[in-house]
Amino acid sequence: MDYSQLVFALKNGDTKTSNRLIGEATPILKKYLISKVNASPDDADDAIQQMYEYVIPKIISDEIKNPAGILAYMLKAARHSYYKILRDFDLDKFDEIEGQLVTEADQAWKLMDEEQASLLMRCIEGLRNGYRDFAAFIFSYPGANTEDIAEKFGLTPANAWTRKHRVLKKIIDCVNM
């Protein structure tokens, strides 16, 4: 979807359109953070809020020069906001939080996780060598963006994105069999 209208709505003070487009973009941003950088839903919400606090003033002050690329900009800014949340986590409070965590794992869930991991490994091992290396990198570095993948494998970003989605589709198809 084209979110360039969000830039124009914010610049022109069109609150109704701005709110509607932000409402449409937020679930996309949240799913991205949860699936790509393994953010918890609460952390994703926090990162998205911080991203909006950063991006909206930039839009209003006319610092965004490519309105058509606003969704990509918001995705990247949300990812950076999430990483900032992780970086700024106060380790001094960890002892306090740790006491609230459940320490005994539910055995059934553990068995399911082990079974799913085993199935995933069988599916990855069934890929041809180039795709297997690619899958190993993606799972080893889940926060890697397309540019990181392209650099690692000597590809253009477009080819890296295509290959990543092909590999993930093959793995998903295998797991769902």
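The values are calculated or read from the model by the stated rules, or taken from the named source; none is laboratory data. As the structure is a computational prediction, the values presented were derived from the model and not from experiment. Here the Cβ is made from the backbone with ideal geometry for all residues, glycine too, and neighbour counts use every protein chain on show.
Quick one: is Asp14 surrounded by 15 or more Cβ atoms within 10 Å (Cβ to Cβ) and not assigned by TED's automatic domain parsing to the domain that holds Glu147?
So Asp14 passes the test.
Quick check, is Ile85 of a type in the set (A, V, I, L, M), modelled with pLDDT under 85 and farther than 23 Å from Pro27 by Cα?
no
Among the residues of segment 17-43, which ones are crowded, with 16+ Cβ neighbours inside 10 Å, of a type in the set (Ser, Thr, Tyr) and closer than 24 Å to Ile138 by Cα?
Tyr32
Of the numbered conditions (1) modelled with pLDDT under 85; (2) farther than 20 Å from Lys164 by Cα; (3) assigned to a helix (DSSP H, G or I); (4) of a type in the set (A, V, I, L, M), Ala117 satisfies every one except a single condition; which is it?
All conditions are met except number (2).
Does Asp46 satisfy being in contact (Cβ under 8 Å) with a residue 40 or more places away in the chain, of a type outside the set (Val, Ile, Thr) and either farther than 17 Å from Phe8 by Cβ or surrounded by fewer than 17 Cβ atoms within 10 Å (Cβ to Cβ) (or both)? Don't jump to the end; show me each part of the working.
Values: in contact (Cβ under 8 Å) with a residue 40 or more places away in the chain: no; of a type outside the set (Val, Ile, Thr): yes; either farther than 17 Å from Phe8 by Cβ or surrounded by fewer than 17 Cβ atoms within 10 Å (Cβ to Cβ) (or both): yes.
It is false that Asp46 is in contact (Cβ under 8 Å) with a residue 40 or more places away in the chain, of a type outside the set (Val, Ile, Thr) and either farther than 17 Å from Phe8 by Cβ or surrounded by fewer than 17 Cβ atoms within 10 Å (Cβ to Cβ) (or both).
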